[in-house]
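Participant: First the structure, which I've put down as C-alpha cells, then a few questions once you've had a look.
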Amino acid sequence: TEKRTDAEQEGAITFGTVIWSNGQASVVISTNTKYRIEYQVNGREEGKWTRATQGGKSITATNLNHNDLIYARLTDGKNTSNTATLTVIDYNPPVIALNLTSETSLINAIVTAVDNESGLATNPTYIFYIKESSKSDNTYTQVQSGTNANCTFTDLKQSTSYTIKVQIEDRAGNLGVKEQTITTKTVPDETQEGAITL
C-alpha cells in the first residue's frame with residue numbers, strides 16, 4: 001500500500017500571503033517537514049506537479065489568477081501526502097481618483113481608476129451620481145453609465161455644494177466607490193469691483 005504523510009498536520013503545508021502585481025498573483029508554499037513540496041494549479045494530474053528543489057522547504061506559485069485553486073502536497077520522491085488547497089481571491093476594489101472642476105451651473109468630472117490585483121475590464125463601466133451635499137444619500141441621481149471616464153453635470157444651482165460619486169468594478173467583481181464634494185461658482189454681483197467695466 002502507498003504510504004501517505006498527512007498534509008493536514010499542523011504546519012505541514014503553509015500558504016503565505018497572496019501577493020498581487022500587474023493583474024496576477026503569487027504565493028509562497030512552505031513546509032516544516034523533511035518532505036518536498038509540489039503543487040499544481042486547477043488540477044491534480046500526475047506528471048503535471050511542480051516540485052520544490054531538493055532540500056527546499058518552500059516554493060513560489062506564480063502567474064496566478066483570481067479564483068485559481070492551488071493544490072499542494074508533500075512527497076519523498078515516491079510517496080505523496082493528501083493535498084492542501086488554497087483558492088486565490090482578489091478582495092481589493094479598484095483605487096479611484098476623481099478630478100472635479102466647476103462653473104456656475106456645471107461640474108466636470110474626470111475619473112482615473114487602477115487595479116493592481118485582478119485588474120479592470122478592457123472597457124470598464126463608470127457609473128456617475130450627483131446630489132446636493134446637504135441632502136441624504138438616497139437623493140443621489142445617476143447621470144451617466146458607460147465606458148466614458150468623463151462626465152459633465154449640467155443645470156446646477158450656482159454657489160451650491162454638490163457631492164459626486166463614481167463606481168467601478170474590477171474583474172473579480174469588487175466595487176470601487178469614490179465620493180468628492182465641490183461647490184459651483186457664483187455669478188458676480190454687478191457692484192463687485194471689476195465685475196462690469198464700461
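Participant: With the requirement that a residue be touching a Phe, Trp or Tyr at 6+ places or on another chain (Cβ under 7 Å), open to solvent by less than 70 Å² (accessible area, probe 1.4 Å) and assigned to a loop (DSSP other than H, G, I, E, B), what does segment 131-167 give you?
Facilitator: Passing the criteria: SER133, TYR140, ALA149, LEU156.
Participant: Report those strands (runs of 3 or more DSSP E) wholly inside segment 13-130 carrying at least 3 residues which are touching a Ser or Thr at 6+ places or on another chain (Cβ under 8 Å) and touching a residue at least 60 places away in the same chain (Cβ under 8 Å).
Facilitator: Qualifying strands (runs of 3 or more DSSP E): 69-75, 95-102.
Participant: Within segment 94-107, restricting attention to residues that are loosely packed, with under 15 Cβ neighbours inside 10 Å and β-branched (Val, Ile, Thr), which residue is farthest from THR154 (Cα to Cα)?
Facilitator: Filtering first and then ranking leaves VAL95.
Participant: Can I ask one more? Which one of TYR126, TYR91 is aromatic (Phe, Trp, Tyr), closer than 30 Å to ALA25 by Cα and either at pLDDT below 95 or open to solvent by 90 Å² or more (accessible area, probe 1.4 Å) (or both)?
Facilitator: TYR91
Participant: Only one residue in ARG44, ARG51, ARG36 is open to solvent by less than 70 Å² (accessible area, probe 1.4 Å), basic (Lys, Arg) and more than 30 Å from ASN150 (Cα to Cα). Which one?
Facilitator: Working: ARG44 fails: open to solvent by less than 70 Å² (accessible area, probe 1.4 Å); ARG51 fails: open to solvent by less than 70 Å² (accessible area, probe 1.4 Å).
Answer to the check: ARG36.
Participant: Next up: Could you tell me which residue of segment 108-123 is farthest from THR184 (Cα to Cα), considering only residues that are open to solvent by 30 Å² or more (accessible area, probe 1.4 Å) and modelled with pLDDT of 95 or more?
Facilitator: Across segment 108-123, the extreme among qualifying residues is THR112.
The values are calculated or read from the model by the stated rules, or taken from the named source; none is laboratory data. These figures come from a predicted structure and were not determined experimentally. As a convention, Cβ positions derive from the backbone with ideal geometry for all residues, glycine included, and neighbour counts pool all protein chains shown. Ligands, DNA and RNA are excluded from the accessible area calculation, which covers all protein heavy atoms including side chains. Shrake-Rupley method; radii C 1.70, N 1.55, O 1.52, S 1.80 Å.
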